[in-house]
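The values are calculated or read from the model by the stated rules, or taken from the named source; none is laboratory data. Computed from a predicted model, the values in this text were never measured in an experiment. Don't worry about glycine lacking a Cβ; one is built from the backbone with ideal geometry, like all the others, and counts go over all protein chains shown.
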Amino acid sequence: MTKQPERIFVKGNEAVARGALAAHCKCFFGYPITPQNEIPEFLSAEMPKAGGRFVQAESEVAAANMLLGAGACGIRAMTSSSSPGISLKQEAISYMAGSEIPAVIVNMNRGGPGLGDIGPAQGDYYQSTRGGGHGDYRLLVLAPSTGQEAYDLTIKAFDLTFKYRNPVMILGDAILGQMKEAIIPWQPENIDDEAGRDWSLTGADKREKRLIKSLFLEEGALAEQNRTLQTKYDDMQSYVEYEEFETEDAELVVCAYGSIGRIAKSAVRSLRAQGKKVGLFRPITLYPFPSEPLLALARQGKRFLTIEHNLGQMVDDVRLAIRTVADSEFAPIFPGNLPVPEDIEGPVLKCLEGK
Amino acid sequence: MARHLDAIIAGFGGQGVMLIGNLLAYAGMKDNLNVTYIPVYGPEMRGGTANCTVVLSEEEIGSPIIRRPTSLIIMNRPSLDKFQPRLQDGCVNIINSSLIDMELADKERVECHAVPCNDIADKLGNTRMANMVALGAYVQATGIIPLKAVIDSLPNVISAHYHKLIPSNAKALEAGAELIG
């Protein structure tokens, strides 16, 4: 009999940090903010042991620009913060997208707007999926809902950021960050630590010089760069992940992501026990958005209810996905309230009655 | 019926409710259950109210946050006022009767256990182990996991600096369990 893999009991923040180390992340640039502090805390102790560098920067702006510098050198690097801190990083994120620099950015979303509170919320969906800074660009956005997914998707984020030469965001929230769960750590094989060898700035020794920039003043150059980026975003569309739960015979499909996705799962289980034909669709990639599988469900005549821990953001993407055949209702959970399954069961029942 | 129990553990900051929440969840993991633990802090670490929610289940855990729990450990009066009304009918309510008037326990509706946690901990020589007494009683009253799994998890949850206190913590867990019998 093979030995059961060892489970460890850690916060979602620590799962992200451990995933980064497993993915050979070599530089972390951080600045403290609740509810993500366990990421820099863990990495400040463990990163040096793994032969990497941990820097507590003087500000979020500095941390994001250090990330840009590391990425330009082809180094597997990460930063993490929470909502107000992520806003501060947006300038550098736009520059990274514009100059095609790989980097992993973690946002443990807290209540907003402004300083908001330190509790969970999903108010940063638009910011994450629409770029966030200035200019036309997109990030690949991954939304874990469990500690294990936080670990797995952080590993995946490093693959994807080098595959597409595009910043990748991991979008969690205070629930994911602060909750402890059992996870099974694993070590990916065949990591290419020099994935940036063909373009990164390594010192132009015995080779042509390279230039990484986001400023394109020559005639036609910016249009060409935007075309290149657009082609890349089109390519990314093939990479979608999602979870469907009890959708097969469902009359109504609840659409929810991240922590709200798992809370909705409890609600679906409890409503199923009452004989209600309800299912769950949980996008795991928020950009690219899993539009095709949603449209397939809509074509089966199902109805939709999107529930988010905000005032209605992802519902736009749900509606865009199914617009030719159906629409989605929406129910908010207000940032500042701690969400529970009852917050989802109520609107679902109302929606079922109102057909 | 699959094993499943969720608990809210609540008290003043400094009473160690987060520690026993961690310990319960860790022991559940050791006993091959799926577990979640989520803390909720008041504004201050000490003196404010603190509570955490633990879910233990043979099945995949959806929500780690529970409005109407199926068990409670209540270490102080404000927590009783806040959480007892939310406890589901007939479920286990471990009440620290050293600090809470048992007249306030809703004995008609839920299964209340008066556990003089501070008094027992005092007799064992360390009032700070009141939390362990409560957890021992809880594990015995609910039967969700063996007390041994909890005792065996102490080294994983108590920081290395305090490992010399593991035997006395184990005694406090046992004393709580014995009270329920």
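Considered as a group, the residues in segment A:170-192 that are among the acidic types (Asp, Glu) and in contact with a Gly (Cβ under 9 Å, 6 or more places away or on another chain) include one that is farthest from the other protein chains (Cβ to nearest Cβ), and that residue is A:173.
Within segment A:258-273, the residues that satisfy the criterion of being crowded, with 23+ Cβ neighbours inside 10 Å and more than 16 Å from residue A:347 (Cβ to Cβ) are A:258, A:259, A:262. When you look at residue B:8, is it buried (at least 24 other Cβ atoms within 10 Å of the Cβ) and either touching a Leu at 6+ places or on another chain (Cβ under 7 Å) or over 21 Å from residue B:159 (Cβ atoms) (or both), yes or no? The answer is yes for residue B:8. No other residue among A:275, A:261, A:220 is out of contact with any helix residue (DSSP H, G or I) (no Cβ under 9 Å at 6 or more places or on another chain) and in contact (Cβ under 8 Å) with a residue 40 or more places away in the chain apart from A:261.
Annotation note: of B:3, B:77, the sole residue that is more than 14 Å from chain A (Cβ to nearest Cβ), in contact (Cβ under 8 Å) with a residue 60 or more places away in the chain and over 30 Å from residue B:160 (Cα atoms) is B:3. Against the conditions (1) surrounded by fewer than 18 Cβ atoms within 10 Å (Cβ to Cβ); (2) within 14 Å of chain B (Cβ to nearest Cβ), residue A:352 satisfies every one except (2). All conditions in (1) in a loop (DSSP other than H, G, I, E, B); (2) within 11 Å of chain A (Cβ to nearest Cβ); (3) in contact (Cβ under 8 Å) with a residue 40 or more places away in the chain; (4) polar (S, T, N, Q) hold for residue B:53, with the sole exception of (1). A single entry from A:294, A:286, A:280 fulfils the requirement of being crowded, with 21+ Cβ neighbours inside 10 Å, part of a helix (DSSP H, G or I) and either under 22 Å from the mean Cα position of the chain (by Cα) or among the aliphatic types (A, V, I, L, M) (or both): A:294. Of all the criteria given as (1) of a type outside the set (Lys, Arg); (2) over 21 Å from residue B:70 (Cβ atoms); (3) in contact with a His (Cβ under 6 Å, 6 or more places away or on another chain), the one not satisfied by residue B:132 is (3). For residue A:80, the test of being under 16 Å from residue A:28 (Cβ atoms) and either part of a helix (DSSP H, G or I) or among the polar types (S, T, N, Q) (or both) is passed. With the condition kept exactly as written, say whether any residue in segment A:47-66 is modelled with pLDDT of 95 or more, buried (at least 24 other Cβ atoms within 10 Å of the Cβ) and within 18 Å of the chain's Cα centre (by Cα). Yes, some residue in segment A:47-66 is modelled with pLDDT of 95 or more, buried (at least 24 other Cβ atoms within 10 Å of the Cβ) and within 18 Å of the chain's Cα centre (by Cα). Just give me the residues in segment A:223-247 being among the charged types (D, E, K, R) and either without any contact (Cβ under 8 Å) to a residue 24 or more places away in the chain or on the phi < 0 side of the Ramachandran plot (or both), in sequence order. A:224, A:227, A:232, A:234, A:235, A:241, A:243, A:244 - these are the residues of segment A:223-247 that are among the charged types (D, E, K, R) and either without any contact (Cβ under 8 Å) to a residue 24 or more places away in the chain or on the phi < 0 side of the Ramachandran plot (or both). Yes or no: residue A:6 part of a loop (DSSP other than H, G, I, E, B), of a type in the set (D, E, K, R) and away from chain B (no Cβ under 14 Å)? No, not satisfied. Being part of a loop (DSSP other than H, G, I, E, B), more than 14 Å from chain A (Cβ to nearest Cβ) and at pLDDT below 95, is that true of even one residue in segment B:27-47? Yes: one or more hits. Taken together, the residues in segment A:310-341 that are more than 14 Å from chain B (Cβ to nearest Cβ) and either outside any helix (DSSP H, G or I) or under 21 Å from residue A:175 (Cβ atoms) (or both) amount to 18.
When you scan segment B:100-114, do you find a residue that is touching a residue at least 40 places away in the same chain (Cβ under 8 Å) and within 16 Å of the chain's Cα centre (by Cα), even just one? Among the residues of segment B:100-114, at least one is touching a residue at least 40 places away in the same chain (Cβ under 8 Å) and within 16 Å of the chain's Cα centre (by Cα), which makes the answer yes.
Evaluate the following for residue A:101: is it buried (at least 24 other Cβ atoms within 10 Å of the Cβ) and more than 15 Å from the chain's Cα centre (by Cα)? Yes. Summed over segment A:120-131, residues that are at pLDDT 95 or above and assigned to a loop (DSSP other than H, G, I, E, B) total 5.
With respect to the conditions (1) under 23 Å from residue A:140 (Cβ atoms); (2) touching an Asp or Glu at 6+ places or on another chain (Cβ under 9 Å); (3) outside any helix (DSSP H, G or I), residue A:100 lacks only one, and its number is (2).
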